[in-house]
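Chemist: Could you have a look at this structure, given as structure tokens, before my questions?
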Amino acid sequence: MPTQVVEVNDLHKVYPGGKEALKGLSFTVEEGEIYGLIGPNGAGKTTTLRILATILEPTSGTARIYGYDVKSEPEKVRRLIAYLPEEAGAYKYLSGLEFLDFIASFYAEDEQEKRRMIQEAWKISGLGMRIKDKIKTYSKGMLRRLLIAKTLMVHPKLAILDEPTSGLDVINSTRVRRIIKKYTREYGVTVLLSSHNMLEVEYLCDRVGIIHEGRIVAEGSPAELKSMYGAENLEEVFAKIVGGEEI
Amino acid sequence: MRSAFLTIFIKEMKSIIRDPKILITMIIVPVVLTGLMYGIMGAMTTQAVKQAMKPGGEILLVDLDHGYWAENFINYLTSHKYTVTRYNDIDSAIKNYDNALCILVIPKGFSENLTRGYTAYLQVYYKIRGISFTSMMMGYKVYGIIRQYSDMLSKQILEKAGLSPEYVSSPVNSTSNIVIGNIIIKNIEPSQVTGPLLMLGLFVPLIIGLLAGFVAQLSATSIAVEKEQKMLETLLTLPLSRFSLIAAKVTAAFIVSLIGGGAYFAIMAWYFSQMSSLGATNSSASSSIALSALVKAVGVQTPAVLVIAGFGTLFLALGVALLLAMFVDDVRSAQIISGYIIAPLMLSIFIGLFLDITSMSPIQQTAIAAIPFANLVFILSLGLAGNYTAQLVAGFSSWAYAIIVLYIASRIIGTEKIFTMKLFKRKRRTSLGFHLLTR
């Protein structure tokens, strides 16, 4: 039986002010798979990822990563995950290399492992000698590649990626997707990602959960979902489920 | 491997040193401007005082007396390096008043009055040419030389009459003795004691207040930078303790503030030493007697308590700034927030200066000693009053508050409140808080 990396059960989240972002969300992610959460704006994708990343606390329900509860055992969870927020930045007065060194210092057991992480991230980012420049001189694409690299270099048990290609052009998006696919397969990293881009989800994900108004309304592999809803692609599935206009 | 504390501390130091918003606007520019301001003020004051004390200069003289004592006075002026340019009347002297010190009129009857034993008057006309410190000091120069001449004549007259000039000028005099606490210091000028007292009771608290402002601004900025550079979310998911995070930020802000504050202190100390050296008349021996007696009177522990309270106050300002900065989104808001801390802090210290704590009962003194920031001013008075319990309260209460505030800060940073609570409501779509509340 495959190991369950993420177990979310009847998760509720009510923000101060009364907005209910999650209304009984449940799903699981198995070891080694890439699981995509897709849904319209305000569906609760980012809230879910932030709860799993131990930034937000659930109002009720449970969320576990490798059996550790995100609310009561956040320190243990943080050792297993690497999180890339949608609007992540980096310290613009550090060089790319210094930034990687900063992140690696929290994960590496010794200097050798840290050097390994940095070398790997340098390669993943594809920044070449620009890695030694200050981050403030980087383009949006370069910054995102650096952030993807810092997330993957630590070989997390679970990589949580919120809109990994958000705001990137086609070339950079394709490059980032290739990096994620290649790297996760190579090191057996489990990935939980959210995206608005159905092509991206279809290309990357083994399984997809469609989230709408704080609940999972459909789940399965892209092929299963297309067949279930008689659709040609995930965009059609998505539109049919969330009640968008017919394509 | 490097500890999480050291990793964050090194990052903080690099960010502070490299970020022009922090290093230039918050440290270099204020320190350089203050240095320049005090430098210019010091140089100008020193120059003006030296000019005023240096004998000599041009005096336009209108001699309407033409008598023995008029000539004697004119000779006295020239022998003291003054250039005397004579005019027949005041109008022509005024017309030629360029860079002269003044117009001096020796009225008719000047010599006769002096000869007959009456007071003789000189008329000084001083033209106001501006409001510069130098020009005003120069105007007083002439009164000094007239006073000298008058004292010389007085001495001669009294000696001729067989009287002691010292006796006649001050038949009744006094010696000054100071009582501080239970200590009596004999034959000492009050200024020799009030100087160090002001230093401990006023100057040191104000410097600590200034430093606390620095610390508050830097620590508030250090948290806001994380949000502005969109690193806070990432940072809070890293495997590091919240305490390490807070402690590293606090330490970095503290060290940089100490450097900045040290620069301020050096500038101010230099300025005041320049100013005090201009009018210094007391010997260092009597000053050190006064200082050691003062330490005995207030208790040897007082300076130590002041230092302890000072550091406690700095950590408290730092903690409060850190706590408030958690609920703002950018550096600008953080700097506004730190202004909210600095203003009441300085006000509290100033109120403390006007409060006579010594007239209160010991219980009231102890209660008031627990008021943060203001208690810095009370430490000396409490030492003089011998209320050492209240002094200890003043010394350690800020530490207690600081620990509580920093504990709350480290608790909050570990919760979602850091994202969901906002002090300034903003409508910008890029705001993290906005996204959190709408998704």
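Chemist: Looking at this structure, is A:E7 among the acidic types (D, E), within 10 Å of chain B (Cβ to nearest Cβ) and either more than 16 Å from the chain's Cα centre (by Cα) or not in a loop (DSSP other than H, G, I, E, B) (or both)?
Modeler: no
Chemist: Just to confirm my filter: which helices (runs of 4 or more DSSP H) fall fully inside segment B:1-79 and include at least 2 residues that are surrounded by fewer than 17 Cβ atoms within 10 Å (Cβ to Cβ) and within 14 Å of chain A (Cβ to nearest Cβ)?
Modeler: Per the criteria, B:4-18.
Chemist: Do we find that A:D101 is farther than 30 Å from B:R411 by Cβ, without any contact (Cβ under 8 Å) to a residue 24 or more places away in the chain, within 11 Å of chain B (Cβ to nearest Cβ) and of a type outside the set (V, I, T) in this structure?
Modeler: No, not satisfied.
Chemist: Moving on to the next point. Can you pull out the residues in segment A:87-98 that are in a loop (DSSP other than H, G, I, E, B) and more than 8 Å from chain B (Cβ to nearest Cβ)?
Modeler: None; the set is empty.
Chemist: Do you know which residues across segment A:43-72 are aliphatic (A, V, I, L, M) and facing another protein chain (nearest Cβ under 7 Å)?
Modeler: The answer is A:A53, A:I55, A:L56.
Chemist: Now for a different question. Could you please let me know if A:G32 is more than 10 Å from chain B (Cβ to nearest Cβ) and surrounded by 21 or more Cβ atoms within 10 Å (Cβ to Cβ)?
Modeler: no
Chemist: Can you name the condition, by its number, that A:P156 falls short on among (1) at the interface with chain B (Cβ under 9 Å from one of its Cβ atoms); (2) of a type outside the set (F, W, Y); (3) within 20 Å of the chain's Cα centre (by Cα)?
Modeler: Tallying (1) at the interface with chain B (Cβ under 9 Å from one of its Cβ atoms); (2) of a type outside the set (F, W, Y); (3) within 20 Å of the chain's Cα centre (by Cα), A:P156 fails exactly one: (1).
Chemist: Restricting attention to segment A:122-145, which residues are within 22 Å of B:R18 (Cβ to Cβ), of a type outside the set (S, T, Y) and either away from every other protein chain (no Cβ under 14 Å) or in contact (Cβ under 8 Å) with a residue 40 or more places away in the chain (or both)?
Modeler: Passing the criteria: A:W122, A:L127, A:M129, A:R130, A:I131, A:K132, A:K134, A:I135, A:K136, A:M142, A:L143.
Chemist: Could you check segment B:298-309 and list, in sequence order, the residues that are buried (at least 21 other Cβ atoms within 10 Å of the Cβ), at pLDDT 80 or above and of a type outside the set (S, T, N, Q)?
Modeler: B:V305, B:L306, B:A309, listed by residue number.
Chemist: When segment A:73-85 is examined, which residues are found to be surrounded by 19 or more Cβ atoms within 10 Å (Cβ to Cβ) and either assigned to a loop (DSSP other than H, G, I, E, B) or at the interface with chain B (Cβ under 7 Å from one of its Cβ atoms) (or both)?
Modeler: Of everything in segment A:73-85, those that are surrounded by 19 or more Cβ atoms within 10 Å (Cβ to Cβ) and either assigned to a loop (DSSP other than H, G, I, E, B) or at the interface with chain B (Cβ under 7 Å from one of its Cβ atoms) (or both) turn out to be A:R78, A:I81, A:Y83, A:P85.
Chemist: Taking A:D69 as meeting all but one of (1) within 29 Å of A:E186 (Cα to Cα); (2) touching a residue at least 24 places away in the same chain (Cβ under 8 Å); (3) surrounded by fewer than 19 Cβ atoms within 10 Å (Cβ to Cβ), write down the number of the exception.
Modeler: (2)
Chemist: Need the failing condition index for B:S241 against (1) of a type outside the set (A, V, I, L, M); (2) within 14 Å of another protein chain (Cβ to nearest Cβ); (3) under 27 Å from the mean Cα position of the chain (by Cα), just the number.
Modeler: Status for B:S241: all satisfied but (3).
Chemist: Which residue, of B:L345, B:L323, is modelled with pLDDT of 80 or more and closer than 29 Å to B:V225 by Cβ?
Modeler: Every option except B:L323 fails the conditions.
Chemist: Specify the residue that is surrounded by the fewest Cβ atoms within 10 Å (Cβ to Cβ); the eligible residues are those in segment A:201-233 that are assigned to a helix (DSSP H, G or I) and in contact with a strand residue (DSSP E or B) (Cβ under 7 Å, 6 or more places away or on another chain).
Modeler: The qualifying residue surrounded by the fewest Cβ atoms within 10 Å (Cβ to Cβ) is A:M228.
Chemist: Is there a residue in segment B:178-191 that is assigned to a helix (DSSP H, G or I), hydroxyl-bearing (S, T, Y) and under 30 Å from A:L80 (Cβ atoms)?
Modeler: No, the conditions are met nowhere in segment B:178-191.
Chemist: So, one more: May I ask you to say which residue of A:L56, A:L37 is part of a loop (DSSP other than H, G, I, E, B), out of contact with any His (no Cβ under 7 Å at 6 or more places or on another chain) and of a type in the set (A, V, I, L, M, F, W, C)?
Modeler: A:L56 is the lone residue from the list that is part of a loop (DSSP other than H, G, I, E, B), out of contact with any His (no Cβ under 7 Å at 6 or more places or on another chain) and of a type in the set (A, V, I, L, M, F, W, C).
The values are calculated or read from the model by the stated rules, or taken from the named source; none is laboratory data. The structure displayed is predicted, hence computed values, not measured ones. In this analysis, Cβ positions are derived from the backbone assuming ideal geometry, glycine residues included, and neighbour counts consider all displayed protein chains.
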